[in-house]
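Working notes, structure below.
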Amino acid sequence: MMIASQSPEMSTIPHLPIFVEDNSIENGSRIILKLIRPDWNLEKIRFKLFTDGITNKLVGLFDDSRPEDNGVLVRVYGKNTEQIIDRKAEFENFKLLYRAGLAPDLYATFDNGMVYKYIKGETLTTSTVRDPSVYRLVAKTMARFHRLSTNCISAEDGTIKSQLWSKMEQFINLIPKRFSSPAKDLLFRKTFPQGIENLRADIGILKTLLDNIGSPVVFCHNDLLLSNILLQRDNAANGHPVSITFIDYEYGMVNNQAFDIANHFIEFAGVQEPDFSLYPDVDLQMDWLKSYLEEYTGESLDQNDQRVAVLKHQVDMFTMASHLLWLFWSLVQAELSVINFDYLKYAEMRLEQYKKAKNLHIK
């Protein structure tokens, strides 16, 4: 089997016929490493299991005798996630972003995951994401995502069509009529006494409303929670922020520009124990949006530029869509996932936030 070089062309990325078991990630990673880095001494490899995500698991492999090589990351897809994530589309997203200089080198795929270059950096926290020198970099990086060409994905009339609503329908159709766990089923029926049919009906209402507020359809990341954003600092004593890298492109698709921004603003709350009161205040939002639009348009903007206010209104409106999408996702994951995370509790929190946003923005 031909293995990709250190800086691979995407057309040569090998697929390894290996399935890594959840309870044997380190051993599975060793097998993969032996294939993609045959010159590494497996006896001297350092492993680091990163904080478990709520969709996938991630392990880093490092050879400290090779300081010129940052190391590799092995990402193991969460069990049953193929039902909610199009892995072929994720690979295409990776290629698109790699060619644009927005994604790391991809070394290989395997039956339930992928292996790519480790990028040094720190994941954002609920504190660092509020630092102006950090969030302005995030805004500009998102703008570069949104400027990528998506001409290859079009509707029949030649226009680019958002995939948000079809993704919502996909998730809602995967929510079980009855959860296999009696305890979960009881909790679901307590939280959603009328089921989800009223929320399903809201999809059409939201689509009609949001399709008509003028938010451009662009290539979006769609999942910019804090752990999917890496910050690189310079070597100075104060460690000044110099660049931002987005990782994990499994939910990437064409979508409304304002959704991606609204979704990220909501993620200021964190995930494990979200505090939605941390949603950025108006001053932070306006400064963030100004930085974003300057990169997106290539123009220098005044803080009072009307385009900033228009974008803020669009972002405000799309908070409803973000809460609804991840609410449905959480209910699917509550049935399918084996990761230790309280998806039903998270769904309940997103339901509460959705109702608040709906009461605020739909009169």
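A few notes on this one:
- Flag if residue 95 is within 30 Å of residue 300 (Cα to Cα) and assigned to a helix (DSSP H, G or I): no
- Looking only at residues in region 153-168 that are more than 22 Å from residue 96 (Cβ to Cβ) and at pLDDT below 95, the one that is least open to solvent (accessible area, probe 1.4 Å) is 157.
- Residue check for residue 254: over 15 Å from residue 357 (Cβ atoms) and open to solvent by 20 Å² or more (accessible area, probe 1.4 Å): no
- Scan of region 347-363 for residues that are closer than 21 Å to residue 190 by Cα and touching a His at 6+ places or on another chain (Cβ under 7 Å), ordered by number: 350, 353, 354
- The set of residues in region 188-198 being assigned to a helix (DSSP H, G or I), surrounded by 14 or more Cβ atoms within 10 Å (Cβ to Cβ) and either at pLDDT below 95 or of a type in the set (Gly, Ala, Ser) (or both) consists of 191 alone.
- Among the residues of this structure, residue 248 counts as one that is closer than 20 Å to residue 330 by Cβ and within 24 Å of the chain's Cα centre (by Cα).
- Applying the set (1) open to solvent by less than 20 Å² (accessible area, probe 1.4 Å); (2) outside any strand (DSSP E or B); (3) outside the structural domain of residue 268 (by the TED database) to residue 79 leaves exactly one unmet item: (1).
- Search result, residues across region 169-187 that are part of a helix (DSSP H, G or I) and out of contact with any Phe, Trp or Tyr (no Cβ under 6 Å at 6 or more places or on another chain): 169, 170, 173, 174, 182, 183, 184, 186, 187
- Selection count where residues are surrounded by fewer than 20 Cβ atoms within 10 Å (Cβ to Cβ) and of a type in the set (A, V, I, L, M, F, W, C), scope region 306-348: 6
- Residue satisfying condition, being modelled with pLDDT under 95 and open to solvent by less than 20 Å² (accessible area, probe 1.4 Å), within set 107, 118: 107
- Matching residues in region 58-76 - criterion: being open to solvent by 10 Å² or more (accessible area, probe 1.4 Å) and closer than 29 Å to residue 173 by Cα: 58
- Strands (runs of 3 or more DSSP E) enclosed by region 205-289 - at least 1 residues per element that are touching a helix residue (DSSP H, G or I) at 6+ places or on another chain (Cβ under 7 Å) and among the β-branched types (Val, Ile, Thr): 217-220, 229-233, 241-246
- Just one of the numbered conditions (1) under 18 Å from residue 224 (Cβ atoms); (2) of a type outside the set (Lys, Arg); (3) in contact with a helix residue (DSSP H, G or I) (Cβ under 7 Å, 6 or more places away or on another chain); (4) open to solvent by less than 10 Å² (accessible area, probe 1.4 Å) is not true of residue 94: (3).
- Residue 292 in contact (Cβ under 8 Å) with a residue 60 or more places away in the chain, among the hydroxyl-bearing types (Ser, Thr, Tyr), open to solvent by 30 Å² or more (accessible area, probe 1.4 Å) and over 22 Å from residue 85 (Cα atoms): no
The values are calculated or read from the model by the stated rules, or taken from the named source; none is laboratory data. What you are looking at is a predicted structure, and each value in this text was computed from that prediction instead of being measured. No Cβ is skipped: glycine too gets one built from the backbone with ideal geometry, and neighbour counts run over all protein chains shown. Surface accessibility is based on the protein's heavy atoms, side chains included, excluding ligands, DNA and RNA. Shrake-Rupley method; radii C 1.70, N 1.55, O 1.52, S 1.80 Å.
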